Each structure stands twice: as structure tokens, then as C-alpha cells.
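A short reminder: the numbers here are calculations on the coordinates, not readings from a lab. For clarity, every value in this text was computed on a predicted model and none was experimentally measured. All Cβ positions, even for glycine, are placed from backbone atoms using ideal geometry, and neighbour counts span all protein chains on display.
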Amino acid sequence: MTDGENLSTIEALFDENRHFPPSEEFKAQANISSSEIYDQGKDMVNYWRTQASRITWKKPFAKVFDWSNAPYAKWYVDGKLNITESALDIHAKATPDKIAYYFEGEHGDTRVITYLDLYKEVCKLANTLSDLGVKKGDRVAIYMGMIPEFPVALLACARLGAPHSVVFGGFSSDALKDRINDASAKVLITCDESWRNGGRVALKELADVAVLESPSIEHVIVVQRTGASVNMIEGRDHFYHDLVTAASDERDAEEMDSEDPLFILYTSGTTARPKGIVHSTGGYAVGAATTHSMVFDIKDGDVYWCTADVGWVTGHSYVVYGPLINGVTSVLYEGVPQFPDKDRYWEIIEKYKVTQLYTAPTSIRTFMKWGTEYPKKHDLTSLKVIGTVGEPINPEAWMWYYEFIGNSKCPVVDTWWQTETGHIMISPLPGVTTTKPGSATVALPGINVDVVDEDGNSVPNGSGGYLVITHPWPGMARTIFKDPDRFKDVYWSKFSKPEENKWVYFAGDGAKKDLEGYIWLLGRVDDVMNISGHRISTLEVESALVDHHAVAEAAVVGRNDPTTGQAIAAFVTLKGNEKGDDALILELRNHVASKIGKIARPASIVFTDELPKTRSGKIMRRLLRDISEQRQLGDVTTLANADVVHEIAERAKASQDKVSSE
């Protein structure tokens with residue numbers, strides 16, 4: 001989708017007329033069962049002042065929010081806190097034996113971690129990091145598999161006031177290196193290896209390659225997960241358990257200002273350089289805790305499971321900080337849904353009597369392909385609320401999830417938010433909102449969203465446009481690390497009118513409002529692809545392809561995919577006498593995986609002598625999307641080489657037909 005396209009004609013979503021109000025039984029027990037909460041949310045200052053009581057404050061804040069230096073917000077001005085006191089200390093004292101995490105290893109090993117256990121482990125690692133020279137303000141990089149030491153690492157950094165920068169364990173050494181260097185991280189915490197789909201991911205080996213070109217790293221801490229033999233450099237590398245065993249299990253939490261950075265998390269942008277999104281302490285804590293409690297109807301005794309990796313923002317907010325602040329028991333699962341068989345998720349839900357499940361539409365579509373026989377093997381009646389995150393969910397997948405996982409009784413909370421927003425922004429409240437399959441419904445209380453046209457005017461119900469947020473919110477990103485101008489330009493320039501003191505956040509997504517005002521997300525409007533819920537920059541993939549010795553030029557687009565939401569389609573022009581065959585396609589896919597990560601491997605690669613370009617030399621990716629999705633080609637009159645388009649289309653069709661037949 002590009003600027004100027006008619007968003008109201010992209011998908012015929014509004015034929016969906018099924019409505020699912022919360023049952024009377026659910027409403028009777030719900031934490032929130034009245035729409036009055038939305039009226040309360042209209043008075044944003046008082047609403048978010050009230051929600052701040054969820055957090056333990058060392059010093060009360062003087063003012064709820066300050067917008068005088070827009071678009072750089074301050075929330076809970078002059079308030080002092082440490083987020084780990086809300087997540088750990090109060091629970092370790094009040095309910096020390098309550099389970100914080102049930103850990104389920106991919107190979108069936110388990111651990112039960114109480115809030116007191118977690119508190120002690122976090123204090124030990126915080127003391128260890130301090131002994132290695134980490135102090136308030138220093139950055140710590142984290143590159144791990146989904147094991148209990150992962151949330152411990154985040155919390156230990158937070159206890160010291162050292163912003164953590166987590167890099168997803170599926171990313172390559174190049175991606176890790178770039179993020180370490182941008183953040184100037186002082187310490188890296190990783191694993192020897194991680195388990196993944198029955199195999200091993202050599203995290204320490206990848207980390208070693210990254211650290212060779214990361215001069216800021218002084219120490220590497222290695223958790224022994226598989227017990228594999230790994231290279232350890234004396235003085236730099238340390239085994240986790242050797243360090244923490246000798247450390248004290250008490251550590252005072254560093255006093256932080258509400259606006260002090262809590263973490264940096266890198267997300268793809270429309271340039272090859274990822275953006276280091278900076279989140280604050282106080283506002284983020286309030287937003288994560290509030291939305292987690294409200295959206296999932298959290299109660300004492302619940303067993304909540306968010307299947308996201310902690311390497312993504314969903315894991316930060318809804319595996320670590322939100323659930324722990326709310327004192328809930330969570331499931332932490334290391335592996336994939338299909339190992340050792342395709343019923344692993346349902347087995348875990350039955351085993352731990354999970355009450356809330358939060359997973360991605362990509363996973364749900366995969367479960368649909370596998371069939372209902374797998375969930376039917378297990379008792380899923382403990383579930384009360386089921387949620388989706390990462391991308392829009394199509395109505396068919398929504399209904400399957402509702403019927404076969406939720407047993408046609410669990411409210412489905414389809415959520416929209418971003419790395420940049422910090423917490424959920426649009427979602428049903430399960431005891432209040434009538435849901436519609438495929439719609440994220442309406443903004444949460446205390447959140448103002450709208451859909452606007454090209455001129456920034458609100459569109460009427462029944463129309464489409466651009467999704468925007470029209471008022472500051474507590475969990476909002478504060479800046480891009482070391483690049484505040486880029487933060488302003490990327491997120492706050494398209495529709496804002498600074499001369500009128502009108503600031504509008506542009507989410508980069510297209511959306512529609514149906515006739516009842518419900519919001520339907522349509523996906524990205526820029527050159528960032530949403531692959532299985534992960535945002536991948538087209539330019540990053542193009543750069544990786546052109547890095548290969550055989551490639552002269554590359555263009556990448558996202559095409560619709562029934563499983564992953566979008567799939568990466570690459571169009572490649574080769575150098576000289578290079579031969580574009582199946583062997584080179586495999587080599588290029590593996591090359592992209594080595595440069596960025598497996599998630600970024602193109603689903604299809606089409607070799608072409610030329611790419612469609614305007615007379616000014618701009619590649620017309622809009623036409624490549626048309627070709628990839630085998631739809632009627634748009635206007636080609638502005639092309640300098642219009643004849644090449646039909647040749648590319650024929651090659652792309654032949655390539656996709658071949659993939660389909662295989």
C-alpha cells in the first residue's frame with residue numbers, strides 16, 4: 001500500500017456482521033463489566049492518575065503529564081520508583097510462595113519459580129552485574145532463548161537502573177553486532193545454546209562473532225542451557241551460574257526518575273539502520289500493568305500464558321513486566337508449537353490449567369492447517385480469555401480460535417499496539433465489548449485513536465484511511481536512541497501541525513472504521529513488512545541481498561500470505577554472467593538468513609534483467625506487489641521501461657506455480 005491509494009477499497013472486511021457480546025456469566029465475574037469505564041477514560045489526567053496506584057512509588061509524582069516539549073512527553077513528572085519493586089518486592093513479601101513462572105522446557109524439563117525465588121535470583125544477578133562494573137545508565141545487551149534466566153536478566157538490569165537492550169535469539173550475529181554497537185552496550189548476557197524445534201541454536205558462537213566487532217563489550221555472561229562446549233575467553237567470558245552462586249540474594253533497588261529509560265528495543269525502519277526505541281520507567285510500568293489487568297481480566301489464582309518470545313516487545317510487556325506487576329502466575333515455554341508433536345500448546349494448557357492465552361494470528365492459522373484433532377485431544381476448559389497479537393487476524397481464523405480453542409465461550413481479545421506504543425492501545429474489554437471476528441474493536445479507556453484521510457481529517461464511519469493516535473499516553477516511546485530528530489520525523493510529522501500545537505502520532509498502519517465505529521486494521525502503509533507479526537524493513541532485506549557477490553540490484557515487497565500475514569517476495573538482478581538457478585535461490589535465502597536472521601528469508605526470489613523504474617530511477621514497488629499477488633497491474637505510464645513489467649509477471653507466476661506444485 002502506498003500513499004494516495006484508496007484505503008477504503010483494499011479489503012471487503014465490512015461484510016462481517018457477526019457479533020459476540022460477553023455472556024452474562026462472564027460479565028457477572030468480570031473485573032470491568034460496565035461501559036462507564038470509557039467515560040472515565042475521557043478525563044485522561046484523572047484516569048491515568050488513578051491507574052498509577054497500581055505501581056509502588058518511592059516518591060509521589062508532582063504532575064500526571066507534561067506535553068510542553070511535544071512530541072517529547074513526560075509522564076508522572078518527578079515521581080521516583082524502581083519497576084522491580086512493583087514486580088518483585090511487594091509479592092515476595094506478601095505472597096512469597098506464589099508461583100511467578102511455570103517453566104516448560106522444549107524437551108520436557110520443568111521448573112517452578114516462586115516470587116521469592118525470582119526476587120532472590122534477580123538480586124543475585126544485579127549484584128553480579130554491579131561487580132562487573134555495570135551502573136545506572138549503562139546499557140546491557142541480552143541475547144537468549146526462552147528460559148527463566150531471560151526475564152531474570154531484564155529485571156536485574158532494571159533493578160540497577162541499567163537499560164536493557166534485548167536482541168531476539170533468532171537474529172544473526174550481524175544484527176546483534178549492529179544493536180550492541182548502536183547502544184554501546186557494556187555487557188552481553190547470552191546462552192551456550194538454545195533449544196529450538198528439537199535442534200540447537202548456537203547463541204554463544206553467534207555472539208562471539210558479533211563481539212569481535214563490538215568494542216564496547218567488556219564482559220559476556222553465558223547461561224549453560226544445553227551444556228555444549230563453547231569457547232570462553234578468560235577475563236571477558238563468565239558462566240552465569242559461577243557468578244551468581246557467590247552473589248548475595250539481596251540488593252536495594254536503584255531509585256529511578258519516572259522518565260529514566262527502562263529499555264531500548266530495536267525495530268525495523270524504512271532505512272537499513274534499525275531504530276532503537278526508548279521506553280521510560282514510570283509511564284511504561286503504569287501502561288503495561290493497567291492494560292494487562294483490564295484486557296485479560298486478571299484475577300488472583302489465574303494461570304496466564306503469553307506465547308511471545310521475550311525478545312519482542314510483547315514479551316517485555318506481557319511476559320515480564322505487566323504480569324509480574326499484577327502478581328499473576330505465568331507459563332514460560334521454551335519451544336515451538338509442533339515439538340515433539342502438533343498438540344504441544346494444548347498439552348501445556350491442560351497441564352497447567354491455563355486461564356488466559358495470548359498468541360499470534362500466524363500461529364492460529366498454522367493450527368487451523370494442522371486440524372482440530374490436536375486441540376480435541378486435550379481438556380482446554382480452564383481457558384477464560386483468549387487473545388491475539390502481532391498482526392490483524394482474519395475472520396476465519398478468529399472463528400476457529402473462538403470455537404475450537406475457546407470452546408465458543410471465551411471472549412477473544414484481538415489487540416493492536418506496537419513496539420513504539422509500549423502497551424495495548426486497541427482491544428475489546430472482555431466483560432464489556434461486543435466483539436466482531438477480525439476487528440480489534442475500539443480504543444481502550446484513556447487512549448484516543450482515529451482514522452484520518454490524507455489531509456489528516458477524521459474519516460466518517462464506513463471509510464478507511466490512516467490510523468493515528470491523537471493524545472499522549474503513558475507507555476509511549478520517548479525517543480529513538482541518540483536520534484530524537486528521527487523520532488519526530490518518523491512518528492510525529494505526517495499529520496501534526498506544530499504551529500497550532502496539534503501533535504498526532506502516525507502509526508504507519510492503514511485502517512477502516514465500520515458503520516458502528518469499530519476499527520479494522522489493514523496493515524502497513526510504508527515499506528515495512530509484517531512477517532509472522534515481526535516488522536522487517538524492505539531495505540534491510542534488499543541490503544542483505546545486494547551484499548551477495550552475484551547480485552547487482554534487488555527490490556523486496558511483502559505479499560499477502562495465509563499463514564504468516566505477509567511473505568517476503570524478492571526481485572533480483574544479477575551481475576554479469578551469473579546464472580539465476582535454484583541453487584542460487586537457496587544460496588541467496590541462506591545469505592539473507594546469515595545477515596539478518598531466518599525470519600527475513602525471502603519466500604520467493606525472481607530473477608529479472610531489469611526492475612520496473614520511473615524515469616527518475618525510483619523502483620516501482622507498487623507494481624511488484626501487484627505482480628507478487630497476481631492481480632491486475634496498476635498504472636505503468638510513469639515507467640521508463642514498461643515492457644519489463646509483463647516479463648517479470650510471467651517469471652513470477654512461473655516461480656510461484658513451481659512453489660505451489662512442490
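Between the residues N69, G227, I386, the greatest Cα displacement towards the positive end of the dipole of the chain, with unit charges on the Cβ of Lys, Arg, Asp and Glu, is found for N69. With a cap of 14 neighbouring Cβ atoms within 10 Å, and only residues DSSP puts in a loop, list the GluC sites (Glu not before Pro) found in the stretch 219-315. Those that pass, being in a loop and sparsely packed, are E234, E250, E255.
This ranking places R625, R601 by how few other beta-carbon atoms lie within 10 Å of each, fewest first, which gives R625, R601. Placing +1 on each Lys and Arg Cβ and -1 on each Asp and Glu Cβ, with no other charges, gives the stretch 106-171 a dipole about its Cα centre of roughly 340 debye. Among the trypsin sites (Lys or Arg not before Pro) in the stretch 466-506, those placed in a DSSP loop whose Cβ has at most 12 other Cβ atoms within 10 Å are K482. Principal semi-axes of the equivalent ellipsoid, √(5λ) from the alpha carbon gyration tensor of the stretch 71-220, are 26, 23, 13 Å from largest down.
Helical runs (DSSP H, four residues minimum) scored at -39500 (n - 2.57) apiece and divided by the length of the chain put the mean residue ellipticity at 222 nm at -8000 deg cm²/dmol. Taking each residue as 0.36 nm, the span from A228 to A28 lengthens on full extension beyond its C-alpha to C-alpha distance by 66.8 nm. For the pair V209 and K369 in one chain, pulling the backbone fully straight at 0.36 nm per residue adds 53.8 nm over the alpha carbon distance. As a rough footprinting exposure proxy, the listed residues H219, H316 were ranked by other beta carbons within 10 Å of their own, and the order from fewest upward is H219, H316.
Taking θ as phi - 60° and the Karplus parameters 6.51, -1.76 and 1.60, the scalar couplings of the stretch 576-592 work out to x, 9, 4, 9, x, 10, 4, 5, 6, 4, 4, 5, 5, 4, 5, 5, 4 Hz in sequence order, x denoting glycine and proline.
In the frame of its principal axes, the chain has Cα extents of 72, 61, 60 Å, reported largest first. Given +1 at the Cβ of Lys and Arg, -1 at the Cβ of Asp and Glu and no other charges, the dipole of the stretch 7-414 around its Cα centre is 400 debye to the nearest 20.
Computed over the stretch 348-501, the P(r) tail beyond 21 angstrom holds 54 percent of alpha carbon pairs.
If I model the stretch 416-460 as equal point scatterers sitting on the Cα atoms and use the Debye formula, what is log10 I(q)/I(0) at q = 0.31, 0.32 Å⁻¹? So the normalised log intensities work out to -1.11, -1.12. For the stretch 13-122, a simple Cβ point-charge model (Lys and Arg +1, Asp and Glu -1, everything else neutral) yields a dipole of about 720 debye relative to the Cα centre.
Neighbour counts of C-beta atoms inside 10 Å place E420, E218, E25 in the sequence E25, E218, E420, starting with the fewest.
Computed from the Cα positions only, the extents of the stretch 271-404 along the three principal axes stand at 45, 43, 29 Å, in decreasing order.
Rounded to 0.05, the FRET efficiency of the E647 and K598 pair, given R0 = 35 Å and the Cβ-Cβ distance, is 0.70.
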